[in-house]
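The values are calculated or read from the model by the stated rules, or taken from the named source; none is laboratory data. Fair warning: this is a prediction, and the values are worked out from it, not measured in the lab. We place every Cβ from the backbone using ideal geometry, glycine too, and count neighbours over all the protein chains shown.
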Amino acid sequence: MRRLNRYIWVLMLLPWLNGCREPGTLSRNIPVGIDPSDLQDDRTHQGIYMERRDRVLSMLDKGYVILCASDRESHNRHEFRPNNYFYYLTGIDMPETFAVLSDVETDHYTLALPPRTIRSMIYEGAPASAEEVKARFGADRVLEDPDFRSWLTEILSSGYPVYLDGSDHSLVDRIQHLAGKEVPAQFRHIGELVDEMRVIKGSLEVQRLQKACNITAEALTRVMEACTPGKYEFEMEALIEGTFRSYGAAMPGFASIVGSGPNSTILHYEQNMRKMEDGDLLLMDIGAEYGCYTADISRTIPVSGKFSAPQKTIYQLVLDAQRAAIERMKPGNMFMDGHLAAKEVLVDGLAELGLITDRHSPWQIKFYILYPSSHFLGMDVHDVGEMGGSFSHFMQHTPGDSIISRVLEPGMVLTIEPGLYFRERGLEQLPEIFGSEADSSELAAFAEQISPVYEQYRNTGVRIEDDILITADGNLNLSRYAPREIAEIEAIMKQE
Ligand SMILES: [Mn+2]
């Protein structure tokens, strides 16, 4: 009887214990589950990869594409992760595998497996056999050493162009080493054929980006629940990356940026070592990578749980700019229209606050607007694809000027990430940064005039970044589950 009583107690406590463990579960509803079965790229998704290979083959006009999953050696310190072009065209994540596409051969799609050794059987587990690989990944044939080496020699001597991953700088050496001779083959970059395909995302790619975004949103929400003064930035980083892994994400898609106080104003701060203080902002720019597709979301939160009045002013200005930018994201508009819309809101707001004295001064604008607000997103965090202009092209203009960039199409995914950063020594750095664009007296007068206002915002860095899919009639914000309204963030952070 006594024992039974004890059990009843525990049963009565259960709902309460549950509520304690996950304080935010009631306030959020992020649709993400722990189920990696959506990553199975053999059979289920092979049709998609086959279609991509067929498109490349149709563009080849007599030639070869040689792709390598990766060199295991170069990944000594890190987990294996397939190279983007290789994975995009094969869906295979086995190290040291080669794929060859050719419209010259009768077998259009050949896979070559790394040598099967006693060591590989012991250290890496028995590799799949040639027959298994052929069936799983739809290859026309599978070669093993040394057949592959001698065939490589033939390919390099054939005189046909050979497309390689130009971003893999050791690949030419490795291929020539395998072929056993240095042939002056005509190497070209596979990006010439594939980058435009990668710009328009298909449904599987969108599905992966959406899951990467949902996992990242979950991580950001957990930080909002856990963040307090006295904790270290790396504790938040650990929570973020632990959350990624707990949902089956292989790794972060790029180094996590978790910067508090003065570090929030450093665009690519990655040390994440500082102890957070009351009154700091915490800027996080992070992304889970799921099935080789990465999210890229930035959120800025008050470490104490409540924005100060000056922090609120800057945060709301950046949020308004971001919203104006996202509204412009629809087919037919231009890639940089979002950036231009955000810039206009920011410049108006900064002028109103007394932080810009001349709305048409290019250097005053460049003092605050540090980078274009958009880049493509996909397998690479700064994904491939022409944006219709260069970085400097997008930075060299003032509101009202027209600017040409690429027209948006359904299936494109790009970030919108305006920010404002008031560096500790920002005003002192003016002569160094803009000495060639303005007289020193002009710079000094500007610094003196805005100094009292700038002072209020010193060490405030705010970036808000979302991942936007262009749809047939507008856009879908893939990172919509990451809270970003002031009231929303403060409500999550208030919960005990
Ligand atoms: Mn970004």
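If I filter the stretch 463-475 for residues that are over 20 Å from the mean Cα position of the chain (by Cα), surrounded by fewer than 16 Cβ atoms within 10 Å (Cβ to Cβ) and either within 16 Å of the ligand (Cβ to nearest atom) or β-branched (Val, Ile, Thr) (or both), do I get at least one hit? Outline the logic, then answer.
Narrowing the stretch 463-475 to residues over 20 Å from the mean Cα position of the chain (by Cα): 472-474.
Next, from what is left, pick out any that are surrounded by fewer than 16 Cβ atoms within 10 Å (Cβ to Cβ): 472-474.
Next, from what is left, pick out any that are either within 16 Å of the ligand (Cβ to nearest atom) or β-branched (Val, Ile, Thr) (or both): none.
Scanning the stretch 463-475, I find no residue that is over 20 Å from the mean Cα position of the chain (by Cα), surrounded by fewer than 16 Cβ atoms within 10 Å (Cβ to Cβ) and either within 16 Å of the ligand (Cβ to nearest atom) or β-branched (Val, Ile, Thr) (or both), so the answer is no.
Does residue 194 qualify as being over 30 Å from residue 158 (Cβ atoms) and crowded, with 18+ Cβ neighbours inside 10 Å? Before the answer, list the steps.
Numbers: over 30 Å from residue 158 (Cβ atoms): no; crowded, with 18+ Cβ neighbours inside 10 Å: yes.
Spelling it out, it is not the case that residue 194 is over 30 Å from residue 158 (Cβ atoms) and crowded, with 18+ Cβ neighbours inside 10 Å.
Run down 354, 378, 332 and say which single residue is buried (at least 17 other Cβ atoms within 10 Å of the Cβ) and either assigned by TED's automatic domain parsing to the domain that holds residue 460 or within 16 Å of the ligand (Cβ to nearest atom) (or both).
Details: 354 fails: buried (at least 17 other Cβ atoms within 10 Å of the Cβ); 332 fails: buried (at least 17 other Cβ atoms within 10 Å of the Cβ).
So the residue among 354, 378, 332 that is buried (at least 17 other Cβ atoms within 10 Å of the Cβ) and either assigned by TED's automatic domain parsing to the domain that holds residue 460 or within 16 Å of the ligand (Cβ to nearest atom) (or both) is 378.
Restricting to the stretch 277-329, give me the number of residues that are within 26 Å of residue 459 (Cβ to Cβ), among the charged types (D, E, K, R) and within 16 Å of the ligand (Cβ to nearest atom).
Residues that pass the stated criteria total 3.
Is one or more of the residues making up the stretch 96-114 in contact (Cβ under 8 Å) with a residue 24 or more places away in the chain and touching a His at 6+ places or on another chain (Cβ under 8 Å)?
There is at least one residue in the stretch 96-114 that is in contact (Cβ under 8 Å) with a residue 24 or more places away in the chain and touching a His at 6+ places or on another chain (Cβ under 8 Å).
I need a count of the residues in the stretch 124-171 that are surrounded by 17 or more Cβ atoms within 10 Å (Cβ to Cβ), under 28 Å from residue 182 (Cα atoms) and under 30 Å from the mean Cα position of the chain (by Cα).
6
In this structure, is residue 314 of a type in the set (Val, Ile, Thr), modelled with pLDDT of 95 or more and under 23 Å from residue 221 (Cα atoms)? If you could, list the steps in order and put the result at the bottom.
Working: of a type in the set (Val, Ile, Thr): yes; modelled with pLDDT of 95 or more: yes; under 23 Å from residue 221 (Cα atoms): yes.
The answer is yes for residue 314.
Tell me which strands (runs of 3 or more DSSP E) are completely within the stretch 74-152 and hold 3 or more residues being within 25 Å of residue 198 (Cβ to Cβ), or say none if there are none. Quick ask: steps written out before the conclusion?
Values: elements: 98-102, 109-112, 141-143.
By residue number, 98-102, 109-112.
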